[in-house]
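Peer 1: Before I ask anything, let me first share the structure, which is written out below as structure tokens.
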Amino acid sequence: MIFCTVRTAADLPPRPSTPGPDPLFIVSSEKDHTQANIQATLIRSRLRKVPRFKTMFSNLIHYPRYSLNWSKSDPVPPFISREWKGHKEKHREALWQLTTTDASFQMPREVYEDPEVTGKNRYKYFERPFLPFFQQMPFNVVYAVSKAEPYTFPPTSTKHLSIPSKSTVGTQTDYRDADVQTDPYSPEYVVCQDSIPELLTLATLTWGRGLPAGQAEVEMIERAREKRAWEATLPALSDTSQFEKRRKMMNEMERKEWAFREQEIEKLQEIRLEVLKELLRKREENQNEVNMKHLNARWSKLQEGKEAKMAKIQRTHVSTIRKLVGKRKNIEGKLERRNIIKDYSDYASQVYGPLSRLGCFPDNNSEDFVVKNYYLNTYEGLVELESCLPDFVTQPRIRAPKPKVITTKAGFLKRAARLDYELAEVHKALLDKKNKVLEAKKPPRFLQRNPIPQPRLPTPTLEMTSNEEEEIEMAVIYLQKLLRGRVVQNMMFEGKEKRLELIQELRTCHALQEDEKLVKKAEKQVTLALQRQRNLHEHKVSLVENHLAGLEGRALADMFDFLSKELVRLQEERRIHAFVMLAERQRRVREAEESGRRQVEKQRLREEDEIFKEVVKVHHSTISSYLEDIILNTEANTAEEQARAEIEKMAEKINDIAYEMESRRTYLQSEEIVAELVYSFLIPEVQKYFVKEKVRNAQRKHILAAHQIIHSYTESMVQKRLTEGEQDEASNAAMLLEKETQNENNS
């Protein structure tokens, strides 16, 4: 059963309104308090479901979608004590009972915490007094008209003032009104009787319509003040002698108001005129912008047409030039067969790079042969592929190159290094010679003599002595002429062979004779017929080749498609097999871990059950021993009191008898009494003490053995299995066992 103490607000100091449980709540005992604390700690609201991203969509038991984590956020604030307050309450109740029974005892005064009324907790004790008079407020506040409740004075018979159910408290904020709300706050106000404040004349002004006040509002306020001052100077209506003066003053004021009104109308007209001018200027600018847009669109359209025409002319020009070049390649009109070896050896031929203008589109439907790989086209596939790669691929390790050793152990240059050195020197010399700039000759400072070249020696002539020598010389000269003519003839033939195409072109273009024209015409017809035959033959061959190439390509495409799909299937099969192996291995590991945890948990539960049984036994034994001690103590106390009372009575009787015997006995009788007392009291007591010592020495070894067994068992249990809290309980059990043994020894 739960009890709670209730106190009034007058008995307690003001305390801040903090979240959490009430600090005045007290349970019946410390055990209930501990149970309530454990229930508050183990509520399910502190368990949070944290999803696991790897198995977020799993429905398997051994691969859960989420895990339950214990939230560190405590619902009870840290400044609220969790200790049981029953001891303090019992102590306070005992003191109250003591004050009721003992008038001399003074109850200690309770010391409360400083509420800091003038410090940080000032706002908790702040309340604006409600006065039935006009309160002075700053003039920059807009007043809102509201129904004010009449002030009622409290009755004089009541002891305490009535606390209102609602109260208005004003606080000072660190923020401006313009930052936190649209319209400023308008507090309530009370107007005293027979008074019209000047500030109420501005009640018609609201936020956005006159507020905040500008120059026009200030001028209006000044005019209103002047008009009120003028109205105060007007003569009274009851004075008939000043009636004419009053009428003149009013006419003058009316003329002034009309003049002011005309000025305002002129100002409004000027403002409207400026607005109209601005609108006309903006309209003209917009119209100019629209016209410029139209012109730009028209110009861009014409430019596009011009560029299209230029591109068309360029294409026709390129096609005509290509046709002329093709005609010039075969001016004679000879038919040439296709050189397949040359076509396949030249990578710029039509076989490898066909022209699209000839009707061949090699890239047509090329997307059908694109292999769409998951590992290369998606981010997840790239991440998975990267995770499968070894570390040396993603984290390359670059080692600094070691310097090349160009010397031998003896310190001489190697042959390769010597050759490199010589080649570098030669290359440097060649570069210097190549980059060397000829220096311009400086003009001579003095006159210098130009060297005269030596005259050429005359050509030697052979003097002939006989006719035979002259004939031989003439034959040699003739032979030289023949050789020189043959050389020139060969040169002319080589030039003709080199320019044969140009000569033939000139002959075809400049055939002037009729016979030559007829011959050329016949050659032309023959050439055209041969060209037609060649074109037909090439067309048939190309059709056959295209058909064969299509069949071959279709077969190759099917084969490559099958091979690529088979490769993808094998890769997927291997990957799935690897995943299955990993999953099987992980399942086995988790099963092993789960079985180990289960065994550990069962062992721990068995140990906890044994510990709990031992602790319960200890508690029961301590309670029984405690009750036995109380009963024995009470019995001993009552027996002692009764024995003392009886002894006192017997002592009084014995004293009376002893005094009478003392008065009557002799010396021999007194010595006989002393000897009997010594023999009957001292000697049996000494013998009893010796017997007790023998019994205690005989039992000591058994008690020591029992102590050692108990201490070793408790220490082993504490070191192996108990937690920190369970260690405290084990120490308490050991202490209780020691007390029991001590009590047994004492008994």
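The values are calculated or read from the model by the stated rules, or taken from the named source; none is laboratory data. All figures in this text were calculated on a predicted structure; none of them were measured in a lab. Positions of Cβ are backbone-derived with ideal geometry, glycine not excepted, and every protein chain shown enters the neighbour counts. Only protein heavy atoms, including side chains, enter the accessible area calculation; ligands, DNA and RNA are left aside. Shrake-Rupley method; radii C 1.70, N 1.55, O 1.52, S 1.80 Å.
Peer 1: Take the residues of region 534-567 that are among the acidic types (D, E) and within 30 Å of R337 (Cβ to Cβ): which is most open to solvent (accessible area, probe 1.4 Å)?
Peer 2: E552
Peer 1: With the requirement that a residue be open to solvent by 90 Å² or more (accessible area, probe 1.4 Å), modelled with pLDDT of 70 or more, over 30 Å from Q39 (Cβ atoms) and of a type outside the set (V, I, T), what does region 72-105 give you?
Peer 2: Those that are open to solvent by 90 Å² or more (accessible area, probe 1.4 Å), modelled with pLDDT of 70 or more, over 30 Å from Q39 (Cβ atoms) and of a type outside the set (V, I, T): W96, Q97.
Peer 1: Determine whether region 561-568 contains at least one residue that is farther than 19 Å from Y375 by Cβ, among the small types (G, A, S) and modelled with pLDDT under 90.
Peer 2: Among the residues of region 561-568, not one is farther than 19 Å from Y375 by Cβ, among the small types (G, A, S) and modelled with pLDDT under 90, which makes the answer no.
Peer 1: Moving to a separate point now. Sort through E384, E380 and tell me the only one that's open to solvent by 100 Å² or more (accessible area, probe 1.4 Å), out of contact with any helix residue (DSSP H, G or I) (no Cβ under 6 Å at 6 or more places or on another chain) and not hydroxyl-bearing (S, T, Y).
Peer 2: Just a single option satisfies the conditions, and that option is E380.
Peer 1: Take the conditions open to solvent by 100 Å² or more (accessible area, probe 1.4 Å), assigned to a helix (DSSP H, G or I) and within 26 Å of R554 (Cα to Cα) and apply them to Y352. Does it pass?
Peer 2: No.
Peer 1: With respect to K517, is the statement that it is in a helix (DSSP H, G or I) and modelled with pLDDT under 85 true?
Peer 2: Considered against the rule, which asks whether it is in a helix (DSSP H, G or I) and modelled with pLDDT under 85, K517 comes out as yes.
Peer 1: Which one is farthest from S716 (Cα to Cα) among residues in region 599-644 that are of a type in the set (A, V, I, L, M, F, W, C) and more than 59 Å from the chain's Cα centre (by Cα)?
Peer 2: So, considering only residues that are of a type in the set (A, V, I, L, M, F, W, C) and more than 59 Å from the chain's Cα centre (by Cα), the one farthest from S716 (Cα to Cα) is A643.
Peer 1: I would also like to ask the following. Scan region 245-267 and give yes if some residue there is touching a helix residue (DSSP H, G or I) at 6+ places or on another chain (Cβ under 7 Å) and either over 30 Å from L199 (Cα atoms) or open to solvent by less than 90 Å² (accessible area, probe 1.4 Å) (or both), otherwise no.
Peer 2: yes
Peer 1: Checking the conditions here, which among N37, N69 is assigned to a strand (DSSP E or B) and either modelled with pLDDT of 70 or more or within 29 Å of A592 (Cα to Cα) (or both)?
Peer 2: N69
Peer 1: Kindly list, by first and then second residue, each pair from a residue in region 329-358 that is under 30 Å from K520 (Cβ atoms) to a residue that is hydrophobic (A, V, I, L, M, F, W, C) and open to solvent by less than 70 Å² (accessible area, probe 1.4 Å), limited to pairs with Cβ atoms under 6 Å and residues at least 6 apart or on different chains.
Peer 2: Filtered contacts from region 329-358: L335/L530.
Peer 1: Here is a further query. Residue by residue through region 671-722, note down the ones that are open to solvent by 70 Å² or more (accessible area, probe 1.4 Å), under 30 Å from R606 (Cα atoms) and part of a helix (DSSP H, G or I).
Peer 2: Q708, I709, Y713, E715, Q719, K720
Peer 1: Right, here's the next one. Do we find that V318 is surrounded by fewer than 10 Cβ atoms within 10 Å (Cβ to Cβ), within 27 Å of E505 (Cα to Cα) and of a type in the set (V, I, T) in this structure?
Peer 2: No.
Peer 1: Hey, any hits in region 595-615 for a residue that's within 28 Å of K54 (Cα to Cα) and either outside any helix (DSSP H, G or I) or of a type in the set (K, R) (or both)?
Peer 2: The answer is yes; a qualifying residue exists.
Peer 1: Let me ask another. Given S300, S319, which one is closer than 25 Å to E501 by Cα and in a helix (DSSP H, G or I)?
Peer 2: S319
Peer 1: Next question. Restricting to region 421-451, name every residue that is modelled with pLDDT of 80 or more and open to solvent by 100 Å² or more (accessible area, probe 1.4 Å).
Peer 2: Across region 421-451, the qualifying residues are Y421, L423, H427, K428, L430, K433, K434, N435.
Peer 1: OK, next. Determine whether region 43-66 contains at least one residue that is modelled with pLDDT under 70 and part of a loop (DSSP other than H, G, I, E, B).
Peer 2: yes
Peer 1: Output the residues belonging to region 320-335 that are hydrophobic (A, V, I, L, M, F, W, C), over 19 Å from L536 (Cα atoms) and at pLDDT below 85.
Peer 2: Once the filter is applied, which keeps residues that are hydrophobic (A, V, I, L, M, F, W, C), over 19 Å from L536 (Cα atoms) and at pLDDT below 85, region 320-335 yields only I331.
Peer 1: In addition: When you go through L582, L632, L668 one by one, which is the residue that is loosely packed, with under 11 Cβ neighbours inside 10 Å and either in contact with a Leu (Cβ under 8 Å, 6 or more places away or on another chain) or at pLDDT 80 or above (or both)?
Peer 2: Residue meeting the stated conditions: L582.
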